[in-house]
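The values are calculated or read from the model by the stated rules, or taken from the named source; none is laboratory data. Note that the structure is a prediction, hence the values are computed from the model and not measured. For neighbour counting, all protein chains shown are included, and Cβ atoms are generated from backbone atoms with ideal geometry for every residue, glycine included.
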Amino acid sequence: YSTQNSGIEFKENSIQVNDTAYHRDDWTNVTPTVLSKLERKLHLQPRNPIGIIRQLIEDHFNDFATFNNVSPIVTTQQNFDDLLIPKDHPSRTKSDNYYFNKDTVLRAHTSAHQLQGLASGANKFLISGDVYRRDEIDSSHYPVFHQIEGLAYFGGQDEDQVAAIQADLEKAKPIPANIEIVDDTVIHAGNPKQDRHSQVVMTPLVAHLKHSINSMICHLFADEPNLKVRWIEAYFPFTSPSYEVEIFYQGEWLEVLGCGVVQQTLLDKGNRHDAVGWAFGMGLERLAMVLFGIPDIRLFWSQDNRFIDQFTPGQINKFQAFSKYPPCIKDISFWLPPTEWHDNNFCESIRGVAGDLVENVKVIDDFVHPKTNRRSLCYRIMYRSMDRNVTNDEINEIQEKVRSTVEQEFGVELRE
Ligand code: FA5
Ligand code: MG
């Protein structure tokens, strides 16, 4: 398999991306569909809402160095080990990630580049890019999305650190009245400060982290009549204490970012033993869906002019829906093999065959035969293109391929 002009080639023993060959092994599970996204770089498109938000965030953090063109192909060392993620952590599994081979993976988060950011020498930096996770298919989940990472650190003795943090806080603008921030988090044993840190430094450092994030959100939502933001406790192996920030949207709390005080062992690895710092990682799609009123995460990938022509660099405006092309719906039912069944792997396999024509996959029947105890599932697959009409013949052909692929790949017994 090779995609036209893209520099990507699937060979028998390796996968070639531009000038680099990645040998295949038991871990290999990247697909042509997912690799076809490498060249899109939506976060660098000035008219795409993802690019617009990335730029607005960079403008807001105007004393941060920016890195937004780092390759998403990273080592497992970068994606996991450098971030102190244990060897047996569930986030490393093949069913959650896209591996080239056991040592090479498509980054699952921009945190994979924190050490490179530290090595740059900048004491405040942002890293944005496309990230990849194997996941279900629906209007808010897509296997490729975008994150922006921020990291700031302060070096020297405790007094120097506190003085630098305070100097920033004195310059900071107050939170405007249209924004309500709900935050009852405190540093306590369940979400502790690190042993090497003194409370004298942590109190202003956490205040600096919280103010930096709250004021970024205020900057993005400046035109929102009333916005509610909530801080809750979280856990990440690479920060402590750790938090998540949520925005109240359409009656629900929507998680937009994770953050916390950088683990000192990570700063040690980056040769900043003397410094303390904070970091955050934020999903750009979630924010863009709220800010631009975009109902389906797949729209960001649309090459239809009716989409991209609606946006202007540097500006947030509400998306006007245009009529969708009609869907084509097909069901597939089968008896499961005796082995374990993972929805993710099944969805991924469909995506491998049908690419972006799959809008939605859901179970519509789940049945266990009373005598044989065999389990049968029926999935409904909704096919639709964002850019054109699909024909029934074309979808029938794809559905046939889906049927034979799942039969071979998972050993299911197809039913009519
Ligand atoms: C992380 O990825 C951490 N690296 C964040 C971090 C960075 C913590 C630095 C501490 C310090 P998480 O998996 O929760 O965490 O993802 C962060 C954000 O990415 C989420 O809050 C959400 O906004 C976005 N996100 C995660 N999964 C998806 C998805 N499937 N689709 C769209 N956005 C997603
Ligand atoms: Mg999370």
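Miscellaneous remarks
- Of the strands (runs of 3 or more DSSP E) entirely within the stretch 8-50, those holding at least 3 residues that are modelled with pLDDT under 95 occupy 8-10.
- Residues that are crowded, with 22+ Cβ neighbours inside 10 Å and more than 16 Å from ligand 2 (Cβ to nearest atom) were ranked within the stretch 280-290; the one that is nearest to Arg54 (Cα to Cα) is Ala288.
- Number of the exception - Ala275 against (1) within 20 Å of Lys193 (Cβ to Cβ); (2) of a type in the set (Gly, Ala, Ser); (3) within 11 Å of ligand 1 (Cβ to nearest atom): (3)
- The stretch 256-279 - residue that is of a type outside the set (A, V, I, L, M) and within 29 Å of Val229 (Cα to Cα) and, of those, farthest from ligand 2 (Cβ to nearest atom): Gln264
- Identity of the residue in the stretch 252-272, surrounded by fewer than 18 Cβ atoms within 10 Å (Cβ to Cβ) and near ligand 1 (Cβ under 9 Å from one of its atoms), that ends up nearest to Ala112 (Cα to Cα): Glu255
- Residues being assigned to a loop (DSSP other than H, G, I, E, B) and of a type in the set (Lys, Arg) - total across the stretch 264-297: 1
- Positions within the stretch 193-208 being under 25 Å from Leu254 (Cα atoms) and surrounded by fewer than 17 Cβ atoms within 10 Å (Cβ to Cβ), in sequence order: Ala207
- Considering the stretch 385-402, the residues that are among the aliphatic types (A, V, I, L, M) and in a loop (DSSP other than H, G, I, E, B) include one that is modelled with the highest pLDDT, namely Val390.
- Any hit, the stretch 170-180, residues being more than 16 Å from ligand 2 (Cβ to nearest atom), without any contact (Cβ under 8 Å) to a residue 12 or more places away in the chain, among the small types (Gly, Ala, Ser) and surrounded by fewer than 19 Cβ atoms within 10 Å (Cβ to Cβ): yes
- Filter result for the condition that a residue is of a type in the set (A, V, I, L, M, F, W, C) and over 26 Å from Phe145 (Cβ atoms), over Ile350, Ile332: Ile332
- Tallying residues that are in a loop (DSSP other than H, G, I, E, B) and under 21 Å from Pro237 (Cα atoms) within the stretch 161-201 yields 12.
- Contact map, the stretch 97-120: residues that are within 26 Å of Ser14 (Cα to Cα) and aliphatic (A, V, I, L, M) paired with residues that are within 16 Å of ligand 2 (Cβ to nearest atom) and part of a loop (DSSP other than H, G, I, E, B), Cβ distance under 8 Å, separation 6+ or inter-chain. Pairs shown: Val105/Asn97; Leu106/Asn97; Ala108/Asp96; Ala108/Asn97; Ala108/Arg133.
- Residue count for the stretch 356-377, restricted to those that are loosely packed, with under 15 Cβ neighbours inside 10 Å and within 32 Å of the chain's Cα centre (by Cα): 5
- Against the conditions (1) touching a Pro at 6+ places or on another chain (Cβ under 9 Å); (2) over 24 Å from Glu285 (Cβ atoms), Tyr132 satisfies every one except (2).
- Any hit, the stretch 228-251, residues being aromatic (Phe, Trp, Tyr), surrounded by fewer than 19 Cβ atoms within 10 Å (Cβ to Cβ) and at pLDDT below 95: yes
- For first residues located in the stretch 249-263 and assigned by TED's automatic domain parsing to the domain that holds Phe221 and assigned to a loop (DSSP other than H, G, I, E, B), partners that are more than 6 Å from ligand 1 (Cβ to nearest atom) and polar (S, T, N, Q) and lie 6+ apart or on another chain with Cβ distances below 7 Å form the pairs Gln263/Gln194; Gln263/Ser240.
- Looking only at the stretch 237-251, residues that are near ligand 1 (Cβ under 8 Å from one of its atoms) and either out of contact with any strand residue (DSSP E or B) (no Cβ under 8 Å at 6 or more places or on another chain) or farther than 15 Å from Ile213 by Cβ (or both) come to 1 in all.
- Within the stretch 132-149, being more than 9 Å from ligand 1 (Cβ to nearest atom), assigned to a strand (DSSP E or B) and either over 12 Å from Arg107 (Cβ atoms) or in the same structural domain as Tyr379 (by TED's automatic domain parsing) (or both) holds for Asp138, Ile148.
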